[in-house]
Amino acid sequence: MTDKKFSYNAAMQEIEQILALLEKNSLDVDEMSQKVKRATELLQACKKKLYETDAEIQAVFEQTKI
Amino acid sequence: MIEPLTLLDLNLMVRNQLRKAFSDTLWVQAEISECKEHFSGHCYLELIQKRNESDTICAKARATIWGNVWTGLKPFFEEQTGTKLQAGQKILVEVSVEFHELYGYNLVIRSIDPAYTVGDLALRRNEVIRQLTQDGVIDLNKELPWPLLPQRLAIVSSPSAAGYEDFMDQLHHNDYGFIFYTAFFQAIMQGEPAEPSIIAALDLILETGIDFDAVVIIRGGGASADLSCFDRYGLCYYCAQYPIPILSGIGHDRDLSVLDRVSNVSVKTPTAAAEYLLSNLSQEAYRLDTNFNRFHQSVKTLMDTYKQQLSANSDHLRLHARERIHLADLLIERREAELKNQSRHLLFQKKQLVEMHYSNLIHRTNSSLEQFKHQREMMEKTLAGFSPEILIKRGFSLTLHNGIIVKSVQDLSNGEEICTRLSDGVVYSTINKTELKND
């Protein structure tokens, strides 16, 4: 299952860590740009998990119908 | 000898005696060992009593609930107890003792006190819970972490149940647009066969190897259905140890079943189960949205700060650069002045040196000239000593022949006249003889 690689919980934790850093303003500009990029990716991945169908998982579930 | 009685006579006598002895109805507590509903509408039971602390039967009696009584009694009992009348149950019944000459001893049930059965069921539930606790398994499923996003779900239910349809509809057509993946595992959800059927479905879920987030056990339908299967030790023992968190929504209004007790999460109905799952996701969606907003806000704040810093820095830089350029200008001017001074000084020194050399040269030339002059004078004086006049004065004389100084006797011949100059006059002589020196 593809999304086994993606842990929503871990992603959320990372997002919250990055947020804490951003809000503390304890990053330099280079770090900030990296972290912002990372957080954006993670937020998108989390959103995707909630709202977008993963065809691969769907297929696995279709097979199990009795 | 007295004429022996016929069996019929005897049975009729027994019947009469019993009718006399048990003219009123009686309340009896007993356990059902058999319960059969006849198509005719009557219900036939076998009642037993067991010895305390053992399974040995110490009393047994047939019992009947006539159709006219059963029609009212059945729904009342089921509604009150949440279970059907069935073997294994303890009941408190109002009976009349009857004896039929053909069918023998029988208890006709007039009424049932469901509170007794409810109490007994509760006791039994408590007993199952106590046993599961003693086994150390009761909280195992509860202790599994409930997933943040229960999206991959195994549904154990009966496909015909209205509750199942509602659940699926609610889950898949939610207003938020959340995604759920559901796999259906069919099971019988009431009565005796429910226990093995649900266990088989749960086994099948594990066999798929799919990483389910949760298992949802739902049952929709009338309240009168038999729910005592969800109190069964075997099923609950299995569910308690099930490795995937269980969400139960088996539809009940009375006490919690043991399955509810061991499930990770228990709600009353399939609809409530769907609502619970949706609320899980909507909580996370809210958290996600909050984080999105926090993120945008903090990035915006940071960017503003950086812009301000940058602008302040560039102002500072400009000011600083201007200052540096000014200082550099001053330095260059100073250096220029220094250079000018130094070169002037150097030039002056050189000039002096040249002048000094020049005067030296003049001086030296002059003294050389003086020396030369002196030497010339000396030489002139010396040369003056050698002039003919001085020499003549000293006694030397000049001999001329035809005005030419005679330097050899060979230029002269006898008889020729010569002139000899002396310091105080001239002597003219004629040559008599000439001789050559013989050296």
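Where a number appears in this text, it was derived from the coordinates with a stated rule and is not lab data. None of the values given here were measured: they were computed from a predicted structure. Virtual Cβ from ideal backbone geometry, glycine too; neighbours counted across all protein chains shown.
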### Residue-by-residue Karplus 3J(HN,Hα) for the range B:407-423, coefficients 6.51, -1.76, 1.60, Hz, glycine and proline x
10, 9, 5, 6, 6, 10, 10, 4, x, 6, 9, 10, 10, 10, 8, 10, 5
### Task
Mind pulling up the Rg/Rh value for the range A:2-63? Radius of gyration and Kirkwood radius, both on Cα.
1.13
### Message
Translational diffusion coefficient of the protein assembly as shown at 25 °C, 0.890 mPa s, Stokes-Einstein with Kirkwood Rh over Cα pairs, in µm²/s as a whole number.
### Response
69
### Message
Let me spell out the model: positive unit charges on the Cβ of Lys and Arg, negative unit charges on the Cβ of Asp and Glu, origin at the Cα centre of the range B:132-193. What dipole size does that give, in debye rounded to 20?
### Response
180
### Query
What whole number of Å gives the distance from the Cα centroid of the range B:55-108 to the Cα centroid of the range A:6-38?
71
### Query
Which is the longest run of chain B containing none of the GluC sites (Glu not before Pro) found in DSSP loop states (not H, G, I, E, B) with at most 15 other C-beta atoms within 10 Å?
B:102-415
### Summary
Checking B:Ser96, B:Ser408, B:Ser367 against a Gaussian network model of chain B (alpha-carbon springs below 10 Å), the top fluctuating residue turns out to be B:Ser408
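Starting from the exponent 0.38 and prefactor 2.2 Å, build the expected Rg for the range B:221-379 from its residue count and divide its actual Cα Rg by it.
3.60
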## Note on the structure
Taking N as the residue count of the range B:25-158, its alpha carbon Rg divided by 2.2 N^0.38 Å gives 1.40
### Task
For an R0 of 51 angstrom, estimate the FRET efficiency from the Cβ-Cβ distance between B:Asn68 and A:Gln34 and round to the nearest 0.05.
0.05
### Query
Say the dipole of the range B:127-283 comes from +1 at the beta carbon of Lys and Arg and -1 at that of Asp and Glu; which of B:Tyr181, B:Pro145, B:Ile246 then lies farthest toward its positive end?
B:Pro145
### Summary
The relative contact order of chain B, taking Cα pairs under 8 Å that sit 6 or more residues apart, comes to a percentage of 10
### Task
Identify the residues of the range B:364-392 with backbone N under 12 Å of a label point that sits 7 angstrom from the Cα of B:Leu398 along the Cα-to-Cβ direction, or state none.
B:387-392
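Can you give the charge dipole size of the protein assembly as shown about its Cα centre, rounded to the nearest 20 debye, using +1 on the beta carbon of Lys and Arg and -1 on the beta carbon of Asp and Glu?
It works out to roughly 3180 debye.
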### Task
Mind putting a number on the dipole of the range B:127-283 about its Cα centre? Charges go on the C-beta only, +1 for Lys and Arg and -1 for Asp and Glu, and I need it in Debye to the nearest 20.
120
### Query
When B:Asp424, B:Asp113 are ordered from fewest to most other Cβ atoms inside 10 Å of their Cβ, what list results?
B:Asp424, B:Asp113
#### Entry: Tilt relative to chain A, helix A:8-24 - C-alpha long axis, 0 to 90 degrees, to 10
10
### Reachable lysines from B:Lys351, criterion Cα separation under 19 angstrom, eight or more residues apart if same chain
B:Lys340
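Å³ per residue of the Cα convex hull, for chain B? Could the numbers behind the result be given before it?
Details: hull volume 208.5 nm³, N = 439.
It comes to 475 Å³ per residue, whole-number rounded.
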### Query
Hey, rough spin-label estimate for B:Ile431 and B:Lys381, points 7 angstrom out along Cα→Cβ, what's it come to in nanometres?
4.2
### Message
Can you tell me which of B:Cys58, B:Cys35, B:Cys419 moves the most in a GNM of chain B? Springs connect C-alpha atoms under 10 Å apart.
### Response
B:Cys419
### Query
When all alpha-carbon pairs of the range B:294-352 are counted, what percent fall beyond 20 Å?
60
### Task
Work out, in µm²/s and without decimals, the Stokes-Einstein translational diffusion coefficient of the range B:324-367 at 10 °C, 1.306 mPa s, Rh from Kirkwood over C-alpha pairs.
124
### Task
Find, among the trypsin sites (Lys or Arg not before Pro) in the range B:380-439, those assigned to loop by DSSP (not H, G, I, E, B) with at most 14 other beta-carbon atoms within 10 angstrom.
B:Arg394, B:Lys407, B:Lys433, B:Lys437
### With 10 Å bins from 0: P(r) over the range B:127-283, alpha-carbon pairs, percent
12, 44, 36, 8, 0
### Message
Of the candidates B:Ile155, B:Ile109, B:Ile390, which one comes out as most mobile in a Gaussian network treatment of chain B with C-alpha springs shorter than 10 Å?
### Response
B:Ile390
### Task
Quote the convex hull volume per residue of the range B:82-166, based on C-alpha atoms, as a whole number of Å³.
203
## Note on the structure
Residues whose modelled amide H sits under 5 Å from the amide H of B:Asn264, counting only those 5 or more places away in sequence or on another chain, are B:Ile246
